[in-house]
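What follows is a short report on a single structure.
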Amino acid sequence: MRATIHNSRTGKDGAYNTKHNDRQFDIRNAEHIDPERVRNNRYWNWTGNPKMSFEDAERAFYEKHIKQHLDAQNARYKAQRHAERVKTMDEYRRSPQACPEEVILQIGKFGDTIPADMMARIIQEQINWEQKTFPGVKVLDVALHMDEQGAPHIHERRAWVYTDKDGNFAISQNKSLEQMGVEPPNPNKPRSRFNNRKMTFSRMCREHLLQICKEHGLQIEEIPQEKSKSGRMLEDYKASEAMKKANDFAILSKKLNISINIKQSQIADLEKDYCKIKENLEQLQNMLHTAEQRKMFELFCQRERERTR
């Protein structure tokens, strides 16, 4: 059995939308979701209000904890006469640098997974550990999905919080990790895509998740798989499949256009042949008409000769 973790902030349409997670959309158009199993899903948000949508809960978090930072930042922009840089809270919350990060956790795969209760306990232990070990990581909402075609999986959305120079909370993954004392794998080497603080954080989280799974008696492969076609990755997979279909359609359309062009060329040739035949027929008709006129004239002349004798 394999434990998979995938995390990211944005997709092709920008910051990820919470509506997929708490099912705040018309699921009748979602082929990968079974409406009969939606009631088996479990949802939690940081406010403790089960009736609040994830979108409203996240908006409330940013308003409560980040407003002072954003107000001060906007005031500086206005003083510097850069009003174009001023952002509303929703614009700040949805920007790639400050939007929540989404994490998808899954244990096993379709047909070889674990019960939902065990999944919930394991993930709860993992999140509790993360909150204690990394206080700058604020979990905003969590969803356990039991209604999709793949194996049950967890969507966790979190904000990377740090304290700015004015003592206000703000959002930045790297600054949050730095303030929490998380170093890159090779602290003495330059920071890069392959040597950064997030790599250390992710490794620690993976190792702890594997340890929890083992404590629950699960046989988990040591090398975790980061990508899965469940949850958010399923949407990317569906988009990829749609792109393939679009490419196939483009190829078919090209073939049809070629066939249409050939037919149009054949029709043009037939039209030319028709025009030639029509022209020849008109010439023949003219010739017949001329012959009939000549014959009538000769007959008239003959009658006149006979009459004058």
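Each value in this text was obtained by applying a stated rule to the coordinates, not by laboratory testing. Please read these numbers as outputs of a predicted model, since none were measured by experiment. Cβ placement follows ideal geometry from the backbone for every residue including glycine, while neighbour counts extend to all protein chains displayed.
At a glance:
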item: Reduced Cα scattering model of the chain, Debye log10 I(q)/I(0), q = 0.16 Å⁻¹; result: -1.38
item: Ellipticity estimate at 222 nm from DSSP helix runs (n ≥ 4, -39,500 (n - 2.57)) divided over the chain, nearest 500; result: -17500 deg cm²/dmol
item: Stokes-Einstein D for the range 101-224, Kirkwood Rh over Cα pairs, 37 °C, 0.692 mPa s (µm²/s); result: 206 µm²/s
item: ³J(HN,Hα) computed for each position of the range 134-149 - Karplus, 6.51 cos²θ - 1.76 cosθ + 1.60, integer Hz, glycine/proline x; result: 10, x, x, 8, 9, 6, 9, 7, 9, 10, 9, 9, 10, 10, 9, 5
item: Residue order, fewest to most beta carbons within 10 Å, for 176, 253, 8; result: 253, 8, 176
item: In Hz, Karplus ³J(HN,Hα) per residue of the range 15-21 (6.51, -1.76, 1.60; θ = phi - 60°; x = Gly, Pro); result: 4, 5, 8, 6, 5, 5, 6
item: Gyration tensor (Cα) of the range 5-49, equivalent ellipsoid semi-axes in angstrom; result: 20, 17, 11
item: Under-5 Å amide H pairs with residue 3, H placed in peptide plane, nonlocal only; result: 108, 221, 225
item: Hz values of 3J(HN,Hα) by residue in the range 22-37 - Karplus curve (6.51, -1.76, 1.60), Gly and Pro given as x; result: 9, 6, 8, 7, 7, 6, 5, 9, 9, 5, 8, 10, 8, x, 5, 9
